[in-house]
Amino acid sequence: MKILVCISHVPDTTSKINFSEGDTKFDTNGVQFIINPNDEYGLTRAMWFKEKQGATVDVVNVGGPETEPTLRKALALGADGAIRVNTPAVDGYAVAEQLAKVFTDGSYDLVIAGRESIDYNGGMVPGMLAGLTDANFINTCISLEIDGTNVKAIREIDGGKETVSTTLPLVIGAQKGLVEESDLRIPNMRGIMMARKKPLTVLEPVEASQETESVKFEKPTPKGAVTLVSPDNLDELVNLLHNEAKVI
Amino acid sequence: MSVLVYTESEQGKYKKVAFEVASYARAVADQLGTTVTAISINAEDPSVLGTYGVTKVLHVKDAKLDTFNAKTYADVIKQAAEQEASKVVVVSSTADSKYLAPLLAIGLKAGYASNVVAAPTSVSPFTVKRTAFTNKAFNLTRISTDVKLVGLSKNSVGLKENATTAEVTDFSPSIPENGVHVEAVDKATNTVTIADAEIVVSGGRGLKGPENWGMIEELADVLDAATACSKPVSDLGWRPHGEHVGQTGKPVAANLYIAIGISGAIQHLAGINASKVKLVINTDPEAPFFKAADYGVVGDAFEVVPALTEKLKAFKAQNA
Ligand SMILES: Cc1cc2nc3c(=O)[nH]c(=O)nc-3n(C[C@H](O)[C@H](O)[C@H](O)COP(=O)(O)OP(=O)(O)OC[C@H]3O[C@@H](n4cnc5c(N)ncnc54)[C@H](O)[C@@H]3O)c2cc1C
């Protein structure tokens with residue numbers, strides 16, 4: 001089985017978010033970049049397939065040279081090869097178009113993407129990629145078993161779960177729950193050394209359209225101070241929730 | 001030319017979000033000088049959509065659509081959009097709608113903006129405000145395709161009555177075969193889900209163990225609220241994964257979010273920022289959550305929560 005894991009290069013979860021150039025650009029100053037957490041769950045599951053069922057695992061990112069350390073980290077975690085499509089990730093659709101080309105040209109059986117990235121949270125790429133390639137698609141996937149070309153999966157739905165069956169080729173939107181938290185790895189020295197020798201292929205982009213455009217960013221208005229209520233005066237709390245906040 | 005809105009239902013009943021997306025679609029239609037058509041699948045009483053400004057309902061009734069299937073549903077909505085020649089299609093942000101929307105976007109060659117929180121700031125060019133960086137910022141996004149797909153964030157605009165008469169017409173789309181088969185749905189009934197709840201009561205590691213969740217459930221019960229938790233709580237297996245809220249968990253856009261024994265780490269706050277009112281109960285006055293909260297009680301959850309539940313029961317009895 002050939003697996004392709006899509007890796008989004010995103011600001012570390014604790015990053016302070018700032019904008020530059022008249023609030024039109026994300027300010028990367030002082031920001032640490034990481035593998036998108038939802039992608040990391042997917043990559044970890046891919047490594048399981050590699051180790052237990054003999055799959056090969058490539059990782060791919062659509063982005064400029066600055067994303068290569070993130071791809072190298074994925075290689076250090078055990079991926080066999082990395083691909084970078086050399087074009088900025090301008091919107092979900094443009095990214096999905098580039099990935100569709102890599103998916104088709106590489107004849108992958110399974111593509112794992114994160115349910116959403118934690119920067120733009122679009123939740124578009126996995127579904128659009130499936131739509132563009134006509135592959136089967138399972139979103140919010142929390143369990144994935146593959147036997148030959150038969151797939152059994154569980155996905156999270158509002159208020160519960162759903163068991164589905166399908167066949168390869170398949171795209172999934174991965175998220176927390178797909179692997180145990182304790183199975184997530186950090187790269188060790190050996191992995192880092194090996195990663196240096198693994199191939200990182202840079203592909204030039206195909207011509208793709210951009211359907212949406214970021215015009216400007218805004219920060220939420222700062223909120224006022226908290227109203228503290230003494231634990232001995234919960235009547236007051238009920239009163240505030242009812243009369244002031246009007247939520248009960 | 002009308003704005004098309006997909007109004008989700010479950011077992012024949014509209015979800016509350018269906019009325020919210022209809023209200024939103026009506027606001028967009030007013031800006032564009034057109035009307036709202038709803039596509040409604042297996043709902044029992046489509047005419048109620050008139051209350052929220054829908055003038056026409058494409059009413060589908062087909063047992064093959066009893067179980068949600070993203071690709072099939074996307075295809076049905078696509079056929080409706082094409083029939084109506086809709087330039088703007090609106091869906092909600094439930095798990096189901098977020099599943100089908102990217103497929104629908106490809107089908108319609110429509111640019112898609114998800115997590116939209118307000119009516120368009122401009123319809124020409126078509127520009128919407130959406131959340132970004134897990135609620136730490138907003139982004140104004142321009143959609144440049146001929147057809148536009150908008151995914152509305154829950155509880156962002158609320159319901160707006162706009163009473164009109166909805167003309168209900170039967171719609172019989174072709175229903176294609178599809179490669180993903182739903183084998184079983186395992187859904188808690190009779191409990192409010194995080195996605196639907198107006199109020200969410202959430203517990204963190206401060207509750208010490210799963211055996212202490214009884215008081216969380218009781219408080220939720222009085223408030224008709226859903227229960228939720230922080231990430232370590234679900235990682236430890238105290239609560240199911242589906243209850244974990246935050247950056248890597250579920251987003252919560254409730255009217256009231258009650259955080260009990262949760263420190264308020266940035267990743268947790270990222271998932272609940274969109275909630276309107278936040279109440280925090282924590283022993284540690286330095287817990288970062290107090291900076292994000294509207295109301296706070298510095299105190300021991302094991303004392304405060306049962307006492308608050310009693311007060312709320314009394315309040316409910318008085319206001320019943
Ligand atoms: C990549 C990444 C993604 C993450 N995503 C998420 C996410 O989506 N959601 C999430 O929640 N976390 C997430 N986290 C984890 C997050 O950083 C915090 O570790 C987590 O939110 C802390 O949970 P907690 O507040 O329940 O536990 P703790 O940090 O242990 O805090 C417990 C709190 O309970 C209080 N307390 C203790 N006893 C009592 C008592 N008797 N009464 C009242 N209060 C009491 C304490 O004062 C403390 O504030 C993520 C982390 C990373 C690195």
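The values are calculated or read from the model by the stated rules, or taken from the named source; none is laboratory data. This is a predicted model, so every value here is computed, not measured. Neighbour counts are summed over all protein chains in view; Cβ atoms, including those assigned to glycine, are modelled from backbone coordinates with ideal geometry. Each accessible area value is taken on the protein alone, full model and side chains, heavy atoms only, with ligands, DNA and RNA left out. Shrake-Rupley method; radii C 1.70, N 1.55, O 1.52, S 1.80 Å.
Tabulated results
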quantity: Qualifying residue in region B:256-272 (condition: in contact (Cβ under 8 Å) with a residue 24 or more places away in the chain, within 9 Å of chain A (Cβ to nearest Cβ) and open to solvent by less than 10 Å² (accessible area, probe 1.4 Å)); calculated: yes
quantity: Filter pass, B:PRO285 being open to solvent by 50 Å² or more (accessible area, probe 1.4 Å), more than 8 Å from the ligand (Cβ to nearest atom), touching a helix residue (DSSP H, G or I) at 6+ places or on another chain (Cβ under 7 Å) and more than 7 Å from every other protein chain (Cβ to nearest Cβ); calculated: no
quantity: Residue pairs meeting the criteria (Cβ under 6 Å; at least 6 apart or on separate chains; first open to solvent by 40 Å² or more (accessible area, probe 1.4 Å), in region B:210-236; second within 13 Å of the ligand (Cβ to nearest atom) and not in a helix (DSSP H, G or I)); calculated: B:PRO210/B:TRP238; B:LYS231/B:HIS244; B:LYS231/B:GLY246
quantity: Those strands (runs of 3 or more DSSP E) lying entirely in region A:131-225 with at least 1 residues closer than 16 Å to A:ASN38 by Cα and at pLDDT 95 or above; calculated: A:136-147, A:150-157, A:170-174
quantity: Test for A:ILE118: is it within 22 Å of B:VAL185 (Cα to Cα) and either open to solvent by 10 Å² or more (accessible area, probe 1.4 Å) or not charged (D, E, K, R) (or both); calculated: no
quantity: Filter result for the condition that a residue is away from every other protein chain (no Cβ under 14 Å), within 16 Å of the ligand (Cβ to nearest atom) and either of a type in the set (Ser, Thr, Tyr) or open to solvent by 60 Å² or more (accessible area, probe 1.4 Å) (or both), over A:LYS73, A:LYS2; calculated: A:LYS73
quantity: Near pairs, Cβ below 7 angstrom, 6+ apart or cross-chain, from region B:295-308 (within 8 Å of the ligand (Cβ to nearest atom)) to any residue that is open to solvent by less than 10 Å² (accessible area, probe 1.4 Å) and outside any strand (DSSP E or B); calculated: B:ALA301/B:LEU207
quantity: Flag for B:LYS98 being open to solvent by 30 Å² or more (accessible area, probe 1.4 Å), in contact with a Lys or Arg (Cβ under 9 Å, 6 or more places away or on another chain) and under 27 Å from B:GLY271 (Cβ atoms); calculated: yes
quantity: B:SER114 vs. criteria at the interface with another protein chain (Cβ under 9 Å from one of its Cβ atoms) and either of a type in the set (Lys, Arg) or open to solvent by less than 10 Å² (accessible area, probe 1.4 Å) (or both); calculated: yes
quantity: Leading residue by the ranking (modelled with the highest pLDDT) among those in region B:180-198 that are open to solvent by less than 40 Å² (accessible area, probe 1.4 Å) and hydrophobic (A, V, I, L, M, F, W, C); calculated: B:VAL180
quantity: Residue count for region B:160-179, restricted to those that are touching a helix residue (DSSP H, G or I) at 6+ places or on another chain (Cβ under 6 Å), part of a loop (DSSP other than H, G, I, E, B) and open to solvent by less than 80 Å² (accessible area, probe 1.4 Å); calculated: 7
quantity: Condition met for B:GLY242 (part of a helix (DSSP H, G or I) and buried (at least 18 other Cβ atoms within 10 Å of the Cβ)); calculated: yes
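One line per residue, one yes/no per condition, for (1) in contact with a Ser or Thr (Cβ under 8 Å, 6 or more places away or on another chain); (2) open to solvent by 30 Å² or more (accessible area, probe 1.4 Å); (3) not basic (Lys, Arg):
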position	(1), (2), (3)
A:SER15	no, no, yes
A:ASP27	yes, yes, yes
A:ILE34	yes, yes, yes
A:ASP39	yes, no, yes
A:PHE49	no, no, yes
A:GLY54	no, yes, yes
